[in-house]
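Below: the structure, in structure tokens.
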Amino acid sequence: GIAHELLQRMNDMYHKSSIVLVKSTRCNYNDVLRAWSISGANDAAEHAEELLSEMEKEQKDLAPNKESYILTIESYAKRRNTSGITSDGSDDKVEKSLELLQRMMHQYESGNVLARPDTDVYNSVLNACAKCFSKDEKIRRNAMRVAIETVQNMREQAKEEGRGVKCKPDATTYRLLLEACRNLLPAEGGEREKAVEAVFNRCCLEGYVDTEVLEVFQKIASPELYRKRVLLIVTGGEGGSGESKERTLPEKWTRNLRYRGRTLEGKKAAPTLSIDGTFANIQEMNQYKMRNLRERKNQRVLRGGRL
């Protein structure tokens, strides 16, 4: 790619002249990795990994960070063959993603604090698993196994880190796991349905149901399963607390999302997600913000025209 060629020219100029102004930075490398991750070229992943290897061999100022590994994994996740269909029998994106995760762990253990694996990195491995559209059932089964083990490893790492944990499943994790069930498990026989229900149940239990999780679950689940796990609960059946005028999901399903709502009194509240996938308490939160902005201590912010 053009971006890769420009980076090489920059490196050549630096080695020939030692002019600091043309020295490549980590940001430059990551920009090229990002270009490869969205290029769609058949050899994009190989070029991205080549750049990553260069970064791993360089000094501290060029050592790869979290973004470097995520972009390289994304390059493999999006890799396609010449016909525009993801490779089948020769598809090794799952194995490559695991290999890159191991390399990242080695970098971190070797002293590169910027290469600490976290939730985003593990989710990128999950994404690679979910995008394994192989025609070979063994390869799909292996990808599903890796997806499950990846989430288990996240939970184990979360237990080890304790407070201030950087790695634990979130809403994106469960959305990707649902997509993996759809793409990797057979629709017939009920196996996919059971797996989808188990993943959604765990997501509800941990409080990470967001708009995307709800949307994917509705698309993948059978009408009967969606009715049992969502509609009946919202309307008061099978565990619900009564008819909900707002048709909103239980707050415990959304309690751990990053977005935090506000009551009219200004108290923090779990996001209230309606059955159509919108947050029902955004209006209350905005009213609370505007009331605060009207107070004297925020007059300066108002004059600046910013919220």
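The values are calculated or read from the model by the stated rules, or taken from the named source; none is laboratory data. Computed from a predicted model, the values in this text were never measured in an experiment. Heads up, the Cβs are rebuilt from the backbone with ideal geometry, glycines too, and the neighbour counts pull from every protein chain shown. To get the accessible areas, we keep the full protein, side chains included, count just its heavy atoms, and leave off ligands, DNA and RNA. Shrake-Rupley method; radii C 1.70, N 1.55, O 1.52, S 1.80 Å.
Yes/no matrix, rows are residues, columns are (1) open to solvent by 50 Å² or more (accessible area, probe 1.4 Å); (2) at pLDDT 60 or above:
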| site | (1), (2) |
| --- | --- |
| LEU6 | yes, no |
| CYS27 | yes, yes |
| ALA44 | no, yes |
| GLU49 | no, yes |
| LYS60 | yes, yes |
| ALA63 | no, yes |
| TYR69 | no, yes |
| SER75 | no, yes |
- Query: Restricting the first residue to the range 24-47 and requiring it to be over 13 Å from LYS78 (Cα atoms) and of a type in the set (Lys, Arg), which pairs with a second residue that is open to solvent by 40 Å² or more (accessible area, probe 1.4 Å) and part of a helix (DSSP H, G or I) meet a Cβ separation below 7 Å and a spacing of at least six or different chains?
  - Reply: ARG26/ASP61
- Item | Inter-residue pairs, beta-carbon under 9 Å, first in contact (Cβ under 8 Å) with a residue 12 or more places away in the chain and in the range 132-143, second of a type in the set (A, V, I, L, M, F, W, C) and in a loop (DSSP other than H, G, I, E, B), 6+ apart | PHE133/ILE85; ILE139/CYS132; ARG140/CYS132; ARG140/PHE133; ARG140/LEU185; ARG141/LEU185; ASN142/CYS132; ALA143/CYS132
- Query: Since LYS131 meets every condition but one in (1) open to solvent by 40 Å² or more (accessible area, probe 1.4 Å); (2) closer than 16 Å to GLU74 by Cα; (3) at pLDDT 95 or above, which condition does it not meet?
  - Reply: (3)
- Query: Any residue at all in the range 149-161 that is out of contact with any His (no Cβ under 8 Å at 6 or more places or on another chain), open to solvent by 40 Å² or more (accessible area, probe 1.4 Å) and either in contact (Cβ under 8 Å) with a residue 40 or more places away in the chain or of a type in the set (A, V, I, L, M) (or both)?
  - Reply: no
- Message: Condition first: surrounded by 18 or more Cβ atoms within 10 Å (Cβ to Cβ), more than 13 Å from MET154 (Cβ to Cβ) and out of contact with any Phe, Trp or Tyr (no Cβ under 7 Å at 6 or more places or on another chain). Now tell me which residues in the range 104-128 satisfy that.
- Response: GLN107, ASN127
- Note on the structure: When restricted to VAL199, VAL213, VAL230, the only residue part of a helix (DSSP H, G or I), open to solvent by less than 60 Å² (accessible area, probe 1.4 Å), of a type in the set (A, V, I, L, M, F, W, C) and at pLDDT below 95 is VAL230
